[in-house]
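The values are calculated or read from the model by the stated rules, or taken from the named source; none is laboratory data. Model, not experiment: these values are computed from the prediction. Virtual Cβ from ideal backbone geometry, glycine too; neighbours counted across all protein chains shown. Remember, those area values only see protein heavy atoms, side chains included, never the ligands or the DNA or RNA. Shrake-Rupley method; radii C 1.70, N 1.55, O 1.52, S 1.80 Å.
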Amino acid sequence: MSAADKVKPAASPASEDPSAIAGNISYHAQYSPHFSPLAFGPEQAFYATAESVRDHLLQRWNDTYLHFHKTDPKQTYYLSMEYLQGRALTNAVGNLAITGAYADALKKFGYELEAIAGQERDAALGNGGLGRLASCFLDSMATLNLPSWGYGLRYRYGLFKQRIAKEGQEEIAEDWLDKFSPWEIVRHDVVYPIRFFGHVEISPDGKRKWAGGEVLNALAYDVPIPGYKTKNAISLRLWDATATAEDFNLFQFNDGQYESAAQLHSRAQQICAVLYPGDATEEGKLLRLKQQYFLCSASLQDIIFRFKERKADRVSGKWSEFPSKVAVQMNDTHPTLAIPELMRLLMDVEGLGWDEAWAVTNK
(Lines give C-alpha, C1' and ligand atoms only; values in the text may rest on other atoms or scores of the structure.)
Protein backbone atom coordinates (compact mmCIF):
# COMPACT_ATOMS: atom_id res chain seq x y z
CA MET A 1 0.00 0.00 0.00
CA SER A 2 1.36 3.41 -0.98
CA ALA A 3 0.99 6.62 1.04
CA ALA A 4 -1.64 7.81 -1.45
CA ASP A 5 -3.88 4.90 -0.41
CA LYS A 6 -4.21 6.47 3.02
CA VAL A 7 -6.53 9.12 1.56
CA LYS A 8 -9.60 8.33 -0.54
CA PRO A 9 -9.24 9.88 -4.02
CA ALA A 10 -11.86 12.50 -4.88
CA ALA A 11 -11.62 15.25 -7.48
CA SER A 12 -12.06 18.61 -5.73
CA PRO A 13 -10.30 21.09 -8.05
CA ALA A 14 -11.41 24.31 -6.34
CA SER A 15 -11.66 23.33 -2.66
CA GLU A 16 -9.51 25.04 -0.03
CA ASP A 17 -10.39 22.53 2.71
CA PRO A 18 -7.30 20.46 3.68
CA SER A 19 -9.21 17.16 3.65
CA ALA A 20 -10.66 17.86 0.20
CA ILE A 21 -7.25 18.98 -1.05
CA ALA A 22 -5.74 15.72 0.21
CA GLY A 23 -8.43 13.82 -1.68
CA ASN A 24 -7.62 15.79 -4.83
CA ILE A 25 -3.90 15.03 -4.46
CA SER A 26 -4.74 11.34 -4.08
CA TYR A 27 -7.00 11.60 -7.12
CA HIS A 28 -4.14 12.92 -9.27
CA ALA A 29 -1.80 10.26 -7.92
CA GLN A 30 -4.20 7.57 -9.14
CA TYR A 31 -5.94 9.05 -12.16
CA SER A 32 -3.23 11.34 -13.60
CA PRO A 33 -0.55 8.70 -13.21
CA HIS A 34 3.04 9.30 -14.23
CA PHE A 35 4.64 6.67 -12.00
CA SER A 36 4.04 3.12 -10.78
CA PRO A 37 0.79 2.89 -8.78
CA LEU A 38 2.69 1.16 -5.97
CA ALA A 39 4.90 4.18 -5.31
CA PHE A 40 4.09 7.50 -3.65
CA GLY A 41 7.44 8.81 -2.52
CA PRO A 42 8.34 12.51 -2.23
CA GLU A 43 8.83 12.90 -5.99
CA GLN A 44 5.47 11.34 -6.81
CA ALA A 45 3.85 13.44 -4.09
CA PHE A 46 5.30 16.60 -5.64
CA TYR A 47 3.84 15.93 -9.07
CA ALA A 48 0.40 15.02 -7.68
CA THR A 49 0.45 18.11 -5.45
CA ALA A 50 1.51 20.38 -8.32
CA GLU A 51 -1.30 19.07 -10.52
CA SER A 52 -3.76 19.67 -7.68
CA VAL A 53 -2.53 23.28 -7.35
CA ARG A 54 -2.76 23.67 -11.11
CA ASP A 55 -6.48 22.85 -10.83
CA HIS A 56 -6.86 26.00 -8.73
CA LEU A 57 -4.97 28.03 -11.31
CA LEU A 58 -6.88 26.81 -14.36
CA GLN A 59 -10.22 28.38 -13.46
CA ARG A 60 -8.64 31.74 -12.66
CA TRP A 61 -6.59 31.49 -15.83
CA ASN A 62 -9.58 30.71 -18.05
CA ASP A 63 -11.70 33.41 -16.41
CA THR A 64 -8.95 35.98 -16.96
CA TYR A 65 -8.59 35.05 -20.63
CA LEU A 66 -12.35 35.17 -21.24
CA HIS A 67 -12.66 38.52 -19.43
CA PHE A 68 -10.02 40.19 -21.57
CA HIS A 69 -11.40 38.51 -24.68
CA LYS A 70 -14.80 40.04 -23.97
CA THR A 71 -13.69 43.53 -22.83
CA ASP A 72 -10.96 43.80 -25.51
CA PRO A 73 -8.61 46.20 -23.70
CA LYS A 74 -5.19 47.32 -24.89
CA GLN A 75 -2.90 44.47 -23.93
CA THR A 76 0.81 44.36 -23.15
CA TYR A 77 2.88 41.58 -24.70
CA TYR A 78 6.26 41.07 -23.06
CA LEU A 79 8.96 39.44 -25.17
CA SER A 80 12.03 38.11 -23.38
CA MET A 81 14.71 35.58 -24.25
CA GLU A 82 14.81 34.47 -20.63
CA TYR A 83 12.72 34.17 -17.46
CA LEU A 84 13.96 33.17 -14.02
CA GLN A 85 10.76 31.96 -12.39
CA GLY A 86 12.05 30.05 -9.38
CA ARG A 87 10.08 27.17 -7.91
CA ALA A 88 6.47 27.42 -8.94
CA LEU A 89 4.80 25.35 -6.19
CA THR A 90 5.58 27.60 -3.23
CA ASN A 91 4.94 30.70 -5.33
CA ALA A 92 1.54 29.42 -6.48
CA VAL A 93 0.19 28.34 -3.08
CA GLY A 94 1.48 31.59 -1.59
CA ASN A 95 -0.18 33.79 -4.22
CA LEU A 96 -3.39 31.78 -3.94
CA ALA A 97 -3.28 32.12 -0.12
CA ILE A 98 -3.59 28.34 0.39
CA THR A 99 -0.15 27.53 1.81
CA GLY A 100 -1.56 26.44 5.17
CA ALA A 101 -4.27 24.31 3.61
CA TYR A 102 -1.74 22.45 1.44
CA ALA A 103 0.63 22.01 4.36
CA ASP A 104 -2.17 20.37 6.37
CA ALA A 105 -3.26 18.26 3.41
CA LEU A 106 0.22 16.84 2.86
CA LYS A 107 0.53 15.90 6.52
CA LYS A 108 -2.23 13.38 5.90
CA PHE A 109 0.26 11.55 3.66
CA GLY A 110 3.06 11.92 6.18
CA TYR A 111 4.85 14.71 4.29
CA GLU A 112 5.86 18.29 5.03
CA LEU A 113 5.14 20.95 2.40
CA GLU A 114 8.74 22.21 2.50
CA ALA A 115 10.10 18.74 1.74
CA ILE A 116 7.71 18.23 -1.17
CA ALA A 117 8.44 21.70 -2.58
CA GLY A 118 12.12 20.81 -2.47
CA GLN A 119 11.50 18.09 -5.07
CA GLU A 120 10.78 20.69 -7.76
CA ARG A 121 13.45 21.49 -10.31
CA ASP A 122 13.81 25.14 -11.21
CA ALA A 123 12.58 25.90 -14.73
CA ALA A 124 15.77 26.40 -16.73
CA LEU A 125 14.46 29.35 -18.70
CA GLY A 126 16.77 32.10 -17.46
CA ASN A 127 20.17 32.97 -16.12
CA GLY A 128 20.37 36.10 -13.97
CA GLY A 129 19.09 39.62 -13.55
CA LEU A 130 17.49 39.94 -16.97
CA GLY A 131 15.43 36.77 -16.47
CA ARG A 132 14.52 37.62 -12.89
CA LEU A 133 13.37 41.09 -13.95
CA ALA A 134 11.14 39.54 -16.60
CA SER A 135 9.58 37.13 -14.09
CA CYS A 136 9.02 39.92 -11.57
CA PHE A 137 7.22 41.93 -14.25
CA LEU A 138 4.90 38.99 -14.96
CA ASP A 139 4.14 38.52 -11.25
CA SER A 140 3.45 42.23 -10.86
CA MET A 141 1.23 42.48 -13.94
CA ALA A 142 -0.81 39.48 -12.75
CA THR A 143 -1.15 40.99 -9.27
CA LEU A 144 -2.23 44.38 -10.67
CA ASN A 145 -4.81 42.71 -12.96
CA LEU A 146 -3.19 44.21 -16.04
CA PRO A 147 -4.11 42.74 -19.43
CA SER A 148 -0.77 41.20 -20.24
CA TRP A 149 0.99 38.17 -21.64
CA GLY A 150 4.57 36.92 -21.64
CA TYR A 151 6.43 35.19 -24.46
CA GLY A 152 9.65 33.17 -24.33
CA LEU A 153 11.37 30.01 -25.54
CA ARG A 154 11.09 26.56 -23.97
CA TYR A 155 14.75 25.66 -23.51
CA ARG A 156 15.30 21.93 -23.20
CA TYR A 157 18.63 22.13 -21.36
CA GLY A 158 18.69 25.70 -20.03
CA LEU A 159 22.01 27.52 -19.73
CA PHE A 160 23.93 24.91 -17.76
CA LYS A 161 23.96 23.09 -14.43
CA GLN A 162 27.00 23.48 -12.24
CA ARG A 163 28.79 20.42 -10.93
CA ILE A 164 31.83 20.58 -8.68
CA ALA A 165 34.49 17.94 -9.37
CA LYS A 166 38.08 17.48 -8.25
CA GLU A 167 39.24 19.43 -11.29
CA GLY A 168 36.91 22.35 -10.46
CA GLN A 169 33.59 23.50 -11.90
CA GLU A 170 31.99 21.50 -14.68
CA GLU A 171 29.11 22.75 -16.79
CA ILE A 172 26.59 20.10 -17.82
CA ALA A 173 23.15 20.24 -19.42
CA GLU A 174 20.26 21.17 -17.12
CA ASP A 175 17.82 18.29 -16.58
CA TRP A 176 14.65 20.15 -15.61
CA LEU A 177 12.61 18.45 -18.36
CA ASP A 178 14.02 14.96 -17.96
CA LYS A 179 10.59 13.90 -16.68
CA PHE A 180 8.12 16.74 -17.34
CA SER A 181 6.93 20.05 -15.97
CA PRO A 182 3.52 19.80 -14.26
CA TRP A 183 2.88 23.51 -14.87
CA GLU A 184 3.01 23.41 -18.65
CA ILE A 185 -0.05 22.95 -20.82
CA VAL A 186 0.77 22.14 -24.42
CA ARG A 187 -1.50 23.89 -26.93
CA HIS A 188 -1.62 21.54 -29.90
CA ASP A 189 -3.98 23.95 -31.65
CA VAL A 190 -1.54 26.88 -31.40
CA VAL A 191 1.11 26.30 -34.06
CA TYR A 192 2.69 28.86 -36.39
CA PRO A 193 5.09 28.42 -39.33
CA ILE A 194 8.50 30.05 -38.94
CA ARG A 195 10.39 30.55 -42.19
CA PHE A 196 14.17 30.74 -42.43
CA PHE A 197 16.25 31.82 -45.43
CA GLY A 198 14.56 31.79 -48.83
CA HIS A 199 13.47 34.91 -50.71
CA VAL A 200 10.41 37.00 -51.57
CA GLU A 201 8.71 36.68 -54.93
CA ILE A 202 6.30 39.29 -56.29
CA SER A 203 3.51 38.06 -58.54
CA PRO A 204 2.19 40.06 -61.54
CA ASP A 205 -0.70 41.36 -59.42
CA GLY A 206 1.75 42.78 -56.86
CA LYS A 207 1.27 40.16 -54.14
CA ARG A 208 4.36 39.12 -52.20
CA LYS A 209 5.09 35.56 -51.12
CA TRP A 210 8.00 33.72 -49.53
CA ALA A 211 9.75 30.98 -51.47
CA GLY A 212 12.64 28.60 -50.85
CA GLY A 213 14.37 28.13 -47.52
CA GLU A 214 13.02 25.94 -44.73
CA VAL A 215 9.99 26.00 -42.45
CA LEU A 216 9.81 24.97 -38.80
CA ASN A 217 6.74 25.05 -36.57
CA ALA A 218 6.39 26.97 -33.32
CA LEU A 219 4.31 24.97 -30.84
CA ALA A 220 2.92 26.75 -27.77
CA TYR A 221 3.30 25.65 -24.15
CA ASP A 222 1.40 27.79 -21.64
CA VAL A 223 2.37 28.33 -18.01
CA PRO A 224 -0.18 30.11 -15.74
CA ILE A 225 1.19 32.99 -13.64
CA PRO A 226 -1.10 33.78 -10.66
CA GLY A 227 -1.39 37.23 -9.15
CA TYR A 228 -0.86 37.69 -5.41
CA LYS A 229 -4.19 37.26 -3.59
CA THR A 230 -6.21 38.09 -6.72
CA LYS A 231 -8.44 36.01 -8.97
CA ASN A 232 -6.26 36.88 -11.92
CA ALA A 233 -3.79 34.58 -13.70
CA ILE A 234 -1.95 35.53 -16.87
CA SER A 235 0.01 33.41 -19.34
CA LEU A 236 3.66 32.86 -20.01
CA ARG A 237 3.62 31.31 -23.47
CA LEU A 238 6.76 29.36 -24.35
CA TRP A 239 7.56 28.31 -27.90
CA ASP A 240 9.09 24.98 -28.86
CA ALA A 241 10.45 24.31 -32.36
CA THR A 242 9.18 21.23 -34.19
CA ALA A 243 9.28 19.67 -37.64
CA THR A 244 6.51 17.61 -39.22
CA ALA A 245 6.31 14.00 -40.35
CA GLU A 246 6.52 15.27 -43.94
CA ASP A 247 9.98 16.63 -43.12
CA PHE A 248 11.23 13.11 -42.34
CA ASN A 249 12.63 11.44 -45.44
CA LEU A 250 11.53 7.83 -45.11
CA PHE A 251 13.34 6.75 -48.28
CA GLN A 252 16.70 8.06 -47.02
CA PHE A 253 16.15 6.49 -43.61
CA ASN A 254 15.43 3.06 -45.04
CA ASP A 255 18.48 3.50 -47.24
CA GLY A 256 20.64 3.86 -44.13
CA GLN A 257 21.04 7.66 -44.42
CA TYR A 258 19.73 8.22 -40.91
CA GLU A 259 21.16 11.68 -40.24
CA SER A 260 20.20 13.05 -43.66
CA ALA A 261 16.67 11.70 -43.29
CA ALA A 262 16.01 13.80 -40.19
CA GLN A 263 18.03 16.95 -40.89
CA LEU A 264 15.15 19.37 -40.37
CA HIS A 265 14.10 17.61 -37.16
CA SER A 266 17.67 18.00 -35.89
CA ARG A 267 17.74 21.71 -36.76
CA ALA A 268 14.41 22.16 -34.99
CA GLN A 269 15.83 20.64 -31.80
CA GLN A 270 18.77 23.04 -31.95
CA ILE A 271 16.55 26.15 -31.80
CA CYS A 272 15.33 25.54 -28.24
CA ALA A 273 18.14 23.33 -26.98
CA VAL A 274 19.99 25.82 -24.75
CA LEU A 275 19.83 29.40 -23.57
CA TYR A 276 22.57 31.57 -25.10
CA PRO A 277 24.47 28.99 -27.17
CA GLY A 278 28.13 29.76 -27.65
CA ASP A 279 28.60 32.37 -30.38
CA ALA A 280 32.36 32.23 -30.95
CA THR A 281 31.72 30.53 -34.31
CA GLU A 282 29.63 31.57 -37.31
CA GLU A 283 27.34 28.62 -36.61
CA GLY A 284 26.81 29.85 -33.05
CA LYS A 285 26.04 33.40 -34.21
CA LEU A 286 23.54 32.04 -36.73
CA LEU A 287 21.82 29.87 -34.12
CA ARG A 288 21.41 32.82 -31.75
CA LEU A 289 19.93 34.89 -34.56
CA LYS A 290 17.54 32.06 -35.44
CA GLN A 291 16.48 31.78 -31.78
CA GLN A 292 15.71 35.50 -31.60
CA TYR A 293 13.81 35.48 -34.88
CA PHE A 294 11.88 32.35 -33.87
CA LEU A 295 10.68 34.04 -30.67
CA CYS A 296 9.70 37.26 -32.45
CA SER A 297 7.91 35.71 -35.41
CA ALA A 298 5.90 33.17 -33.41
CA SER A 299 4.90 35.77 -30.81
CA LEU A 300 3.83 38.39 -33.35
CA GLN A 301 1.80 35.87 -35.34
CA ASP A 302 0.05 34.94 -32.09
CA ILE A 303 -0.55 38.60 -31.20
CA ILE A 304 -2.06 39.28 -34.63
CA PHE A 305 -4.25 36.18 -34.33
CA ARG A 306 -5.56 37.36 -30.94
CA PHE A 307 -6.20 40.86 -32.28
CA LYS A 308 -8.36 39.38 -35.03
CA GLU A 309 -10.00 36.81 -32.75
CA ARG A 310 -11.47 39.42 -30.43
CA LYS A 311 -13.53 41.15 -33.13
CA ALA A 312 -14.75 39.50 -36.31
CA ASP A 313 -14.53 42.67 -38.43
CA ARG A 314 -10.75 42.84 -37.91
CA VAL A 315 -10.17 39.73 -40.01
CA SER A 316 -10.42 41.80 -43.20
CA GLY A 317 -8.67 44.94 -42.02
CA LYS A 318 -9.03 47.76 -39.47
CA TRP A 319 -5.29 47.82 -38.85
CA SER A 320 -5.57 51.38 -37.62
CA GLU A 321 -6.97 49.84 -34.40
CA PHE A 322 -3.91 47.64 -33.88
CA PRO A 323 -1.77 50.19 -31.95
CA SER A 324 -4.70 51.02 -29.67
CA LYS A 325 -5.05 47.35 -28.69
CA VAL A 326 -1.46 46.08 -28.72
CA ALA A 327 1.72 47.16 -26.93
CA VAL A 328 4.86 45.08 -27.46
CA GLN A 329 7.52 45.42 -24.76
CA MET A 330 10.97 44.06 -25.63
CA ASN A 331 13.24 42.97 -22.79
CA ASP A 332 16.73 44.16 -23.80
CA THR A 333 17.95 43.99 -27.41
CA HIS A 334 17.35 40.27 -28.11
CA PRO A 335 13.74 40.67 -29.37
CA THR A 336 14.37 43.78 -31.53
CA LEU A 337 13.82 41.65 -34.64
CA ALA A 338 10.15 42.06 -33.71
CA ILE A 339 10.22 45.46 -35.46
CA PRO A 340 11.16 44.30 -38.99
CA GLU A 341 9.20 41.08 -38.51
CA LEU A 342 5.99 43.00 -37.78
CA MET A 343 6.61 44.99 -40.97
CA ARG A 344 7.09 41.75 -42.90
CA LEU A 345 3.94 40.15 -41.53
CA LEU A 346 1.83 43.24 -42.24
CA MET A 347 3.13 43.53 -45.79
CA ASP A 348 3.73 39.96 -46.97
CA VAL A 349 0.93 38.23 -45.08
CA GLU A 350 -1.71 40.89 -44.42
CA GLY A 351 -1.19 42.79 -47.69
CA LEU A 352 -0.52 46.28 -46.34
CA GLY A 353 1.64 48.76 -48.22
CA TRP A 354 4.91 50.04 -46.79
CA ASP A 355 3.56 53.37 -45.52
CA GLU A 356 0.55 51.84 -43.77
CA ALA A 357 2.61 48.99 -42.29
CA TRP A 358 5.25 51.46 -41.04
CA ALA A 359 2.60 53.69 -39.46
CA VAL A 360 1.12 50.73 -37.57
CA THR A 361 4.55 49.44 -36.49
CA ASN A 362 5.76 52.90 -35.44
CA LYS A 363 2.76 53.41 -33.15
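Would you tally the residues in region 322-335 being within 24 Å of the chain's Cα centre (by Cα) and under 15 Å from Ser148 (Cα atoms)?
Number of matching residues: 7.
Which helices (runs of 4 or more DSSP H) does region 250-321 wholly contain that include 2 or more residues that are under 18 Å from the mean Cα position of the chain (by Cα)?
Counting at least 2 such residues, we get 263-271, 282-309.
Looking at (1) within 18 Å of the chain's Cα centre (by Cα); (2) in a loop (DSSP other than H, G, I, E, B), which is the only condition Trp61 fails?
Only one criterion in (1) within 18 Å of the chain's Cα centre (by Cα); (2) in a loop (DSSP other than H, G, I, E, B) is unmet by Trp61, namely (2).
Hey, any hits in region 195-215 for a residue that's in contact with an Asp or Glu (Cβ under 8 Å, 6 or more places away or on another chain), on the phi > 0 side of the Ramachandran plot and open to solvent by 80 Å² or more (accessible area, probe 1.4 Å)?
yes
For region 234-241, state whether one or more residues are free of Cβ contacts under 8 Å to residues at least 60 places away in the same chain and within 14 Å of Lys290 (Cα to Cα).
Yes.
What's the total number of residues in region 330-363 that are among the polar types (S, T, N, Q) and surrounded by fewer than 17 Cβ atoms within 10 Å (Cβ to Cβ)?
3
Quick check on Val186: is it touching a residue at least 40 places away in the same chain (Cβ under 8 Å) and either out of contact with any Cys (no Cβ under 7 Å at 6 or more places or on another chain) or surrounded by fewer than 21 Cβ atoms within 10 Å (Cβ to Cβ) (or both)?
Taking the combined requirement at face value, the residue does not satisfy it.
Taking region 322-363 on its own, how many of its residues are over 13 Å from Ser297 (Cα atoms), among the β-branched types (Val, Ile, Thr) and in a helix (DSSP H, G or I)?
Summing the residues that are over 13 Å from Ser297 (Cα atoms), among the β-branched types (Val, Ile, Thr) and in a helix (DSSP H, G or I) in region 322-363 gives 2.
Give the residue, chosen from Arg132, Arg121, that is surrounded by fewer than 17 Cβ atoms within 10 Å (Cβ to Cβ), over 17 Å from Pro182 (Cα atoms), within 19 Å of the chain's Cα centre (by Cα) and among the basic types (Lys, Arg).
Sole residue among the options that is surrounded by fewer than 17 Cβ atoms within 10 Å (Cβ to Cβ), over 17 Å from Pro182 (Cα atoms), within 19 Å of the chain's Cα centre (by Cα) and among the basic types (Lys, Arg): Arg132.
Please specify each residue of region 29-62 satisfying the condition of being in contact (Cβ under 8 Å) with a residue 60 or more places away in the chain and of a type in the set (A, V, I, L, M).
Across region 29-62, the qualifying residues are Ala45, Ala50, Leu57, Leu58.
Counting only residues that are among the small types (Gly, Ala, Ser) and surrounded by 15 or more Cβ atoms within 10 Å (Cβ to Cβ), which one in region 285-322 is nearest to Ala338 (Cα to Cα)?
Ser297
Pull up region 248-284, narrow it to residues that are free of Cβ contacts under 8 Å to residues at least 24 places away in the same chain, among the small types (Gly, Ala, Ser) and within 20 Å of His334 (Cβ to Cβ), then point me to the one that is surrounded by the most Cβ atoms within 10 Å (Cβ to Cβ).
Ranking the qualifying residues of region 248-284, first place goes to Gly284.
Mind checking which residues of region 5-45 are of a type in the set (Ser, Thr, Tyr) and either farther than 14 Å from Tyr111 by Cα or surrounded by fewer than 17 Cβ atoms within 10 Å (Cβ to Cβ) (or both)?
Within region 5-45, Ser12, Ser15, Ser19, Tyr27, Tyr31, Ser32, Ser36 qualify.
Got at least one residue in region 76-92 being over 26 Å from Lys6 (Cβ atoms), of a type outside the set (D, E, K, R) and over 16 Å from the mean Cα position of the chain (by Cα)?
Yes, there is a match, as at least one residue in region 76-92 is over 26 Å from Lys6 (Cβ atoms), of a type outside the set (D, E, K, R) and over 16 Å from the mean Cα position of the chain (by Cα).
Return the total of residues in region 141-183 being of a type outside the set (A, V, I, L, M, F, W, C) and open to solvent by less than 60 Å² (accessible area, probe 1.4 Å).
14
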